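Quick notes on the structure that follows.
Laboratory data are not the source of any read-out in this text; all were calculated from the coordinates shown. A quick note: this is a predicted structure, and the numbers were derived from the prediction, not measured. Positions of Cβ are generated from backbone atoms using ideal geometry, with glycine treated the same way; all protein chains shown enter the neighbour counts.
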There are 2 protein chains.
Amino acid sequence: MEYKQAVVLRTDIEMSRGKDVAQACHASLGAYRRAEESMVEEWISQGQKKVVLEVEGLEKLMDLYKRAQREGFPSFIVKDAGETELEPGTKTCIGIGPAPDSNLDKITGELSPV
Amino acid sequence: MEYKQAVVLRTDIEMSRGKDVAQACHASLGAYRRAEESMVEEWISQGQKKVVLEVEGLEKLMDLYKRAQREGFPSFIVKDAGETELEPGTKTCIGIGPAPDSNLDKITGELSPV
């Protein structure tokens with residue numbers, strides 16, 4: 001079975017490249033830490049495939065996050081501390097997985113790659 | 001003691017936002033997996049501080065990576081599989097840490113934030 005992780009970014013907030021990257025890394029690591037060890041090991045051994053996807057706004061981000069949780073995927077939502085570019089608590093992105101490729105596609109399959 | 005992780009990106013190669021983010025997540029997670037559990041736990045409990053920095057080219061990236069290894073920091077260099085935008089094996093970025101803030105500054109302190 002193939003595994004992947006999705007990092008899903010909002011397209012409606014302006015972030016610098018550094019902020020963007022840091023938030024995505026939080027999301028990726030956060031979801032990773034919630035995944036089962038067996039899935040993690042498979043995913044790593046397969047080269048830790050990642051897809052970076054986009055949603056248009058907060059509502060869609062939250063919908064996706066709730067769906068991910070309902071489906072039982074390890075998932076993590078990033079809230080910015082708001083010390084630099086954004087308002088405190090701004091939800092910027094989520095990490096989902098690692099999870100089986102085809103299962104994850106059920107909830108992320110219609111999103112566009114960044 | 002304060003801990004942080006550095007993600008260091010090359011500025012001399014063109015990558016899409018998605019590629020950029022995916023590579024950085026590889027670097028972050030790769031270095032994280034090489035860190036000692038006690039440091040990881042401290043870093044996470046402090047809010048997993050990350051800094052995103054830049055270097056001008058491959059030579060400087062490799063110099064920094066070798067220095068990180070010499071100093072004993074957990075570190076990870078990302079080689080792109082080259083299936084999409086880049087030549088196979090292109091070294092795109094590195095993750096260093098989590099490590100004590102002031103120690104890490106000794107090798108990354110002169111780099112510019114992205």
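Here are some notes:
- Compared with the alpha-carbon gap, the fully stretched path from A:Met62 to A:Asp105 is longer by 13.8 nm at 0.36 nm per residue.
- Largest-first ellipsoid semi-axes for chain B, taking √(5λ) over the Cα gyration tensor eigenvalues, angstrom: 23, 15, 12
- Across the copies of the chain, A:Ser38 has label points (7 Å from Cα along Cα→Cβ) spaced 3.3 nm apart, shortest distance listed first.
- Each residue of the stretch A:18-29 was assigned a 3J(HN,Hα) from its phi angle through the Karplus curve 6.51 cos²θ - 1.76 cosθ + 1.60 (θ = phi - 60°); the sequence is x, 5, 3, 5, 5, 5, 5, 5, 4, 4, 4, 5 Hz, with glycine and proline shown as x.
- Gap separating the Cα centres of the stretch B:15-84 and the stretch A:27-43, nearest whole Å: 17
- At 0.890 mPa s and 25 °C, Stokes D of the protein assembly as shown from Kirkwood alpha-carbon radius, µm² per second: 140
- Exam field: A:Thr84 pseudo-label spacings to other copies (7 Å along Cα-Cβ), nanometres: 2.3
- Remark on B:Val51: its backbone amide H falls under 5 Å from those of B:Gln5, B:Ala6, B:Val7, a criterion applied only to residues 5 or more positions apart or on other chains, H modelled at 1.01 Å from N.
- Degrees, to the nearest 10: B:58-70 long Cα axis against longest axis of chain B: 30
- With a simple spin-label model that places each label point 7 Å from the Cα along the Cα-to-Cβ direction, the separation between A:Arg34 and A:Ser16 comes to 2.9 nm.
- 3J(HN,Hα) couplings calculated from phi for the stretch A:102-114 with the Karplus curve 6.51 cos²θ - 1.76 cosθ + 1.60 (θ = phi - 60°) are, in sequence order, 6, 5, 5, 4, 4, 9, 10, x, 9, 7, 7, x, 5 Hz; Gly and Pro show x.
- Exposed loop positions in chain A were taken to be GluC sites (Glu not before Pro) whose DSSP state is not H, G, I, E or B and which have at most 16 other beta-carbon atoms within 10 angstrom. Between these positions, the longest stretch is A:86-109.
- Residue-averaged 222 nm ellipticity for the protein assembly as shown, from DSSP H runs of 4+ at -39500 (n - 2.57), nearest 500: -13000 deg cm²/dmol
- In this structure the amide hydrogen of A:Arg10, modeled in the peptide plane, comes within under 5 Å of the amide hydrogens of A:Val55, none closer than 5 places in sequence on its chain.
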